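Participant: Mind having a look at this structure? Questions to follow.
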Amino acid sequence: MPFIFLGNALWLDFVNTQIIDGALIDLIGNDGAFLQWAKTADLQADEDDAATFDAALTEAQAFRAHLRAAADSLAAGTALNPVFVADINRRMAEHPVATVLEDSGRGWATSAKPVTSGPQSVLAAIATDFARFVSTEATNVRHCSNERCCIVFYDTSKNHTRRWCSMETCGNRAKAAGRRARVVQ
Ligand SMILES: [Zn+2]
């Protein structure tokens, strides 16, 4: 199953490596998948580190769960867990991450890139992106409106009216369901 990059923020894309498609699916749950995700996300990840990435999977999954809780907090406007914030700071302090200025296609944007390869650096880049996000954007974190979908995203639409992770999937499904409901009535 392909990775999903619909979050408009690296840390949300990482949260979205866990999806619901009938059942809960972990897109980085298989051997090698966490490394592949990091490569697809354009983070420094070396095939030689495959075993190291696999060994770090449990930690990555736990960190992801905390990031999801943070996304829920931001969406609900509630306070972040101070233990989680301390963990973000620890990861940023222990593993060097470079801030890179890039043309995103929609203007200039900074992104966090690991300086060295390895899973800890990838998690630190994700932590740095979270820190950037929460200190600059912080609002408009949304859950997909499909109750059977767990994708979260940063709504960058003009009037902040984005409802779906993707029009192609959940958006169209909702439209089709609406049409069916009208036919039944
Ligand atoms: Zn969705």
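What follows is calculated from the coordinates using simple rules that are stated; it is not laboratory data. What you see is a predicted model, and the numbers here were worked out from it, not measured in a lab. Because the Cβ atoms are built from the backbone with ideal geometry, glycine has one as well, and the counts that use them run over all protein chains shown.
Participant: As an exercise, take the mean of 1/r over every pair of distinct alpha carbons in segment 72-185, invert it, and state the Kirkwood radius in angstroms.
Facilitator: 16.7
Participant: Right, here's the next one. Strictly under 4.7 angstrom between C-beta atoms: which cysteines of the chain have no such partner?
Facilitator: By the Cβ distance rule, which asks for a partner under 4.7 Å, the isolated cysteines are 150, 170.
Participant: Something else about it: Need the C-alpha centroid separation for segment 157-176 versus segment 54-119, integer Å.
Facilitator: If you average the Cα positions of each part, the centres end up 26 Å apart.
Participant: Separate question: Which distance in nm do the two modelled labels at residue 76 and residue 100 give, with both placed 7 Å along the Cα-to-Cβ direction?
Facilitator: 3.6
Participant: May I pose another question? What lysines could a cross-link reach from residue 39, if we take a straight Cα to Cα line under 16 Å and drop same-chain neighbours fewer than 8 places away?
Facilitator: Result set, ordered by chain and number: 113.
Participant: Quick one: what does P(r) look like for segment 25-64 with 10 Å bins over all Cα pairs, in whole %?
Facilitator: 33, 62, 5
Participant: Could you pull out every residue, at least 5 positions away or on a different chain, whose amide H is within less than 5 Å of the one on residue 140? Hs are placed 1.01 Å off N in the peptide plane, and Pro or chain starts have none.
Facilitator: Under 5 Å from the amide H of residue 140: no residue qualifies.
Participant: For the pair residue 51/residue 89, report the inter-label distance in nm, with labels modelled 7 Å from Cα in the Cβ direction.
Facilitator: 3.6
Participant: For residue 159 and residue 1, FRET efficiency with R0 = 35 Å and r from the beta-carbon atoms, rounded to 0.05?
Facilitator: Details: r = 32 Å, r/R0 = 0.91.
Once the sixth-power term is evaluated, E becomes 0.65.
Participant: Apply the a/c threshold of 1.5 to the C-alpha gyration tensor of segment 1-56 and tell me whether it is rounded, prolate or oblate.
Facilitator: Judged from the Cα gyration tensor, segment 1-56 comes out oblate (a/c at least 1.5, b/c at or above a/b).
Participant: Quick one: which residues, 5+ away or cross-chain, put their amide H under 5 Å from the amide H of residue 18? H built at 1.01 Å from N.
Facilitator: Result for residue 18 returns 27.
Participant: Just 158, 113, 39 to compare: in a GNM of the chain, with alpha carbon springs under 10 Å, which one fluctuates most?
Facilitator: 158
Participant: Give me the net charge of residue 68's neighbourhood, meaning all other residues with Cβ under 13 Å from the Cβ of residue 68; Lys, Arg count +1, Asp, Glu -1.
Facilitator: On the way: positive: 64; negative: 13, 26, 72.
Charge balance near residue 68 sits at -2.
Participant: For segment 108-150, just say rounded, prolate or oblate: build the C-alpha gyration tensor, square-root its eigenvalues into a ≥ b ≥ c, call rounded for a/c under 1.5, and beyond that prolate if a/b exceeds b/c, oblate if not.
Facilitator: It is oblate, given that a/c is not under 1.5 and a/b is not larger than b/c.
Participant: What's the ranking of 90-98, 16-24 by average number of surrounding C-beta atoms within 10 Å, highest first?
Facilitator: 90-98, 16-24
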